[in-house]
Structures are given as C-alpha cells and as structure tokens.
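Novice: One structure follows; several queries about it will come next.
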C-alpha cells in the first residue's frame, strides 16, 4: 500500500482506478461472486474521483446509464460492494468511497478535505494494533475499524 494517500498525490488516475477495478473483478471471479453490470457500474462511478458519493448521487448516475431509478438499485449495489470490501461507507459524509486496497486486509482511515470534499484512504496498521490491544484488555474482539479525519488537503491548505 502506498505511503501517500492517492487522492492527495499526483498520479495517473485512469491507471489507479483501472487497477482497482481489475482487482475487484479478479476477486469476484476467485470468490465466485457475481459482479453484475449494475454492481460493476456502481464501482466504476465510485472510482471516477477520489470523493465519497451519497447513494442518491450514485442512483442518479445509474439512472442516466439506464440501470433503473428506484433507490434499492443503488443501495443493493453499494451494500454488495461494502460487504465484499470493494467500497467503504464514510460515516461523516453519509456516503460511499471505493476501496483503494480491495483484497488486502486493512483498516482504512479516511482523510476528508472540508474545502473540496476530496477523500483519501490510507492504511492505519498502528492504530488498528493499538485498538486491538485495548480491546484485548477488556475482552473485546475488534471486527472492523473505520476512522475518519477532517481537515484540509495539500491543495486547499493555506
């Protein structure tokens, strides 16, 4: 996993999103999961920019692409992507972002720019380890960690 969150670093976004999509397609094939056309298009929509999108934003895009206009269309596709590690829910924004590390065990931290709404996912192994150590002390088992930080990205910082 890269040290610099991609949303805030210069990179070839087409290659970045293409690589993530290819890994997701491969993982679905390996696990016998159905990446239906609506699920695939939903992931492509999430991969178009390093931003989190609300379900209704996704639904609008799906509707424009001819995939239906009822909210369950988007919610079911998003649920599949989250359940199988191809997307994450960003609680603060009540939105979804493509996972930049599908198939890799990780605990994401989301850095959300309050000015431009860019969202960068970065691995936080040290934080996960600290949480698990604290959980062990009280007999708790951590199953999922999702951290969010709000601030300014390098482009928007004064």
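The values are calculated or read from the model by the stated rules, or taken from the named source; none is laboratory data. Note that the coordinates shown come from a computational prediction; the quantities given were computed from them, not determined experimentally. Note that we place each Cβ from the backbone using ideal geometry, even for glycine, and neighbour counts take in every protein chain shown.
Novice: So which of 76, 39, 23 ends up being under 21 Å from residue 109 (Cα atoms) and under 16 Å from the mean Cα position of the chain (by Cα)?
Specialist: Values: 76 fails: under 21 Å from residue 109 (Cα atoms); 39 fails: under 21 Å from residue 109 (Cα atoms).
Sole residue among the options that is under 21 Å from residue 109 (Cα atoms) and under 16 Å from the mean Cα position of the chain (by Cα): 23.
Novice: One residue is enough: does the range 70-83 have a residue meeting the conditions surrounded by fewer than 19 Cβ atoms within 10 Å (Cβ to Cβ), on the phi > 0 side of the Ramachandran plot and in a loop (DSSP other than H, G, I, E, B)? Talk me through it step by step, then tell me what you get.
Specialist: If we filter the range 70-83 for residues that are surrounded by fewer than 19 Cβ atoms within 10 Å (Cβ to Cβ), which is where we start, we get 70-73, 75-76, 79, 82-83.
In the following step, the residues that additionally are on the phi > 0 side of the Ramachandran plot were identified as none.
Among the residues of the range 70-83, not one is surrounded by fewer than 19 Cβ atoms within 10 Å (Cβ to Cβ), on the phi > 0 side of the Ramachandran plot and in a loop (DSSP other than H, G, I, E, B), which makes the answer no.
Novice: Select from the range 101-146 the residues that are in contact (Cβ under 8 Å) with a residue 40 or more places away in the chain, more than 13 Å from the chain's Cα centre (by Cα) and not in a loop (DSSP other than H, G, I, E, B) and list them in ascending order.
Specialist: The one that is in contact (Cβ under 8 Å) with a residue 40 or more places away in the chain, more than 13 Å from the chain's Cα centre (by Cα) and not in a loop (DSSP other than H, G, I, E, B): 113.
Novice: Testing residue 149 on (1) in contact (Cβ under 8 Å) with a residue 40 or more places away in the chain; (2) over 15 Å from residue 92 (Cα atoms); (3) within 18 Å of the chain's Cα centre (by Cα), one condition comes back false. Which one is that?
Specialist: Looking at each condition in turn, residue 149 falls short on (2).
Novice: Out of 147, 78, I need the residue that is more than 17 Å from residue 16 (Cα to Cα), modelled with pLDDT of 95 or more and in contact with a strand residue (DSSP E or B) (Cβ under 6 Å, 6 or more places away or on another chain). Which one?
Specialist: 78
Novice: What number of residues within the range 84-100 are surrounded by 18 or more Cβ atoms within 10 Å (Cβ to Cβ) and part of a loop (DSSP other than H, G, I, E, B)?
Specialist: 4
Novice: Here is a further query. Could you go through the range 86-97 and let me know if any residue there is touching a helix residue (DSSP H, G or I) at 6+ places or on another chain (Cβ under 8 Å), farther than 24 Å from residue 144 by Cβ and at pLDDT below 95.
Specialist: Scanning the range 86-97 turns up no residue that is touching a helix residue (DSSP H, G or I) at 6+ places or on another chain (Cβ under 8 Å), farther than 24 Å from residue 144 by Cβ and at pLDDT below 95.
Novice: Restricting attention to the range 125-144, does a residue exist that is at positive phi and surrounded by fewer than 13 Cβ atoms within 10 Å (Cβ to Cβ)? Write out each step before concluding.
Specialist: Going through the range 125-144, the residues at positive phi turn out to be 139.
Adding the requirement that they be surrounded by fewer than 13 Cβ atoms within 10 Å (Cβ to Cβ) leaves 139.
Yes; the residues of the range 125-144 include at least one that is at positive phi and surrounded by fewer than 13 Cβ atoms within 10 Å (Cβ to Cβ).
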